[in-house]
Amino acid sequence: MFTCWALLSGQVFAQTVHVAVASNFADTLRLLTKAYPESPPPEFKISAASTGKLFAQIHHGAPFHLFLAADARRPALLVKSGDAVAETLFTYAMGRLVLWRPIATGGTQQALSHHTLTGPIHRLAMANPKTAPYGRAAEETLRALGLWEKLQPKLVRGENIGQTYQFVATGAAEMGFVAWSQILWRIRSGRTPGEERAGQRWIVPSSLHAPLIQQAVLLQAGADNPAARRFLAFLQSPGARELIRAQGYELP
C-alpha cells in the first residue's frame, strides 16, 4: 500500500511545475504553457513578482522548480549558493526598456524621446531598481541622461514592472519606464485601434543601460522533477524561441 501511494504521489509531483517568473515575462510564459506540446501537459503553477523578490524567496526555501529571471546576476548567485543546477542555466530572452505614455481615444499619436524627460512631468513611474532589473535599467538611463537627481521628486516606484505598468495605465503616473513586451501585449488586446492603445513611446537605446539579459535555471527543488526539466528544454526549442521573439524580446 505504501509503495503504491509513493509511486502515485511521485507521478503527481512530476506533473506539477512551479515556476517563479519575472513580472515582465508572465504573460509570455502563460502563452508558452498553452503552446507546450506535451500531452497530457503538467499543471503549471506560476508565481510572478520582481526578480529580486523571487530570488529572496528561493534563497529562503520557497519550493519553486524553475526560475525565469529578468537578469543574469540572480540566477548566477543561486547557482553559486547551490540553490540551482549550474548546467541548466541559459539566456531565454533579452528585454527592451520603453518610456511610455498612454493617450486617450482619438488623441494625437506621436513619439516620445529623451527630450520628453526634460519637459513638464508630474509623476514618472519606474520599477524599484533594487529588486527589478527593468527598474535598474530605468535608473541607469536617467543617470546617463543626467536627469536622475532632477527627477527624484517626481518618481513613483512600482514593486515590479507589472505594477509600474499599472501605475501608467491607470493614470497614477502620466508616463513611465515599462517593458516593450507589455506595450506589444496592449496593442494586440482590447477593442480600440492598436495605435491608440500603443500610446506614445520611446524605445530606450540599449547604449543607455546595461543589457536586460534574462536567464532561466532549474532550481534544486525541481532537480528531480522530469516535467520541469522537459519544460525548460522546451523553452530552448525553435518554436518557443519564435514565440518569445514575437512578444517583443530579442534572442541570444
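Quick note: the coordinates plus some simple rules give every number you see, no bench work behind them. Keep in mind it's a predicted model, so treat the numbers as computed, not measured. Reconstructed Cβ throughout: ideal geometry from the backbone, glycine too, with neighbour counts over all protein chains shown.
Data table
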| item | result |
| --- | --- |
| Where GluC sites (Glu not before Pro) in DSSP loops with at most 14 other Cβ within 10 Å are excluded, longest remaining stretch of the chain | 39-148 |
| Net charge, SER181 excluded, C-beta distance under 12 Å - Lys, Arg +1, Asp, Glu -1 | +2 |
| Partner lysines for LYS45 [C-alpha distance under 29 Å; skip if fewer than 8 residues away on the same chain] | LYS34, LYS53, LYS80, LYS130 |
| Neighbour-count ranking [beta-carbon atoms within 10 angstrom, fewest first] of MET175, MET94 | MET94, MET175 |
| Exposure proxy ranking, count of Cβ atoms within 10 Å, fewest first, for LYS34, LYS53 | LYS34, LYS53 |
| FRET efficiency, 1/(1 + (r/R0)^6) with R0 25 Å, evaluated for GLN57 and GLU87 via beta carbons | 0.60 |
| Formal net charge of residues neighbouring ALA69 (Cβ-Cβ distance under 13 Å; K, R +1; D, E -1) | +2 |
| Per-residue Cβ neighbour rank within 10 angstrom, fewest leading, LEU32, LEU208, LEU124, LEU117 | LEU208, LEU117, LEU32, LEU124 |
| Option label - Rg/Rh (Cα atoms, Kirkwood Rh) computed here, alternatives (1) 0.95; (2) 1.02; (3) 1.00 | (2) |
| Distance between modelled label sites at ALA246 and SER113, nm, 7 Å Cα→Cβ extension | 3.5 |
